[in-house]
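So the structure is just underneath, and the comments pick up after that.
None of the figures in this text is laboratory data; all of them are computed from the coordinates on show. What you see is a predicted model; the values in this text were computed from it and never measured. No Cβ is skipped: glycine too gets one built from the backbone with ideal geometry, and neighbour counts run over all protein chains shown.
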Amino acid sequence: MKIAFIGAGQVGAPLAARLAEAAHEVTLAETKEGSDSLARALARSTRLTSRPLLDAVQRADVVFLATPFGANAALLEPLAERLADKVLVDCTNPVGPGLSHGLKSERAGSELVQSLVPKAHVVKAFSIYGFENFEDPTYDGYDVRAAMLFCGDDAGSKQRVATLIMDCGFEPVDVGGLAQALHLEHMTLLWVRMVRAHGASPHLVWAALRRPRPAP
């Protein structure tokens, strides 16, 4: 797939490198001149390239949004038409004071993102863990992969994102429509409270275990 990343920091950089090494055509969007984080991200893989923001988005089929949540409106509103009919993977989370939900749980951050780019197909993914688990999601000695929960309203877009989730080393778990993003954002806050505030291992992940359904 042709993929563009808006945001090349602790979340975007490792995901971009993993997808590039999985043979996708990955471009990092240049959002400001002389960015140190962009330079560090490019150094992760010789398969990564960078282009100016508008050009990177125009060329992509799938765009990852991996920026601080507060930057979303200013970045996305000028891109609304260029993102029409493209898959927009929302990796961002609205975090408020005291690790509360930044939109007071009145709506999901991903729903706000969708309102900024109404013609895009927004899929919430890569948001329920800290960046440490995007560096390496493999856990030796276990027969299951770390689960990556995701949601969105367009089935075809979710299928494409599910493929990318697998290419990054996770098990994709589709939890439904974009309205479910609010619950995923609360899962992120739970992870952050457990790890950043209370000292749990940053390599804490969730897994999806399923028993076979009994025969009728």
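Note on the chain: antiparallel DSSP beta bridges, both residues inside, total approximately 15 percent of the bridges counted. Panel order for Ser127, Ser115, by other beta carbons found within 10 Å of each beta carbon, from fewest to most: Ser115, Ser127. For the stretch 57-140, the relative contact order is 32 percent, taking Cα pairs closer than 8 Å that sit 6 or more residues apart in sequence and dividing their mean separation by the residue count.
Summing charges over all other residues whose Cβ lies under 11 Å from the Cβ of Glu30, with Lys and Arg as +1 and Asp and Glu as -1, gives 0.
What pairs in Lys2/Lys158; Lys32/Lys104; Lys32/Lys124; Lys124/Lys158; Lys86/Lys124 have C-alpha atoms more than 21 Å from each other? Violating the 21 Å limit, Cα to Cα: Lys32/Lys104; Lys32/Lys124. Footprinting exposure proxy ranking of Arg107, Arg82, fewest other C-beta atoms within 10 angstrom first, gives Arg107, Arg82. Equivalent ellipsoid of the chain: semi-axes from √(5λ) of the C-alpha gyration tensor, largest first, are 25, 20, 19 Å.
What is the set of long-range amide H partners of Val63 at a cut-off below 5 Å, with H atoms built 1.01 Å from backbone N? Correct list: Ala4, Val87, Leu88, Val89.
Rounded to whole Å, give me the distance from the Cα center of the stretch 1-43 to that of the stretch 100-124. Answer, in whole Å: 23.
For the chain, the relative contact order is 18 percent, taking Cα pairs closer than 8 Å that sit 6 or more residues apart in sequence and dividing their mean separation by the residue count.
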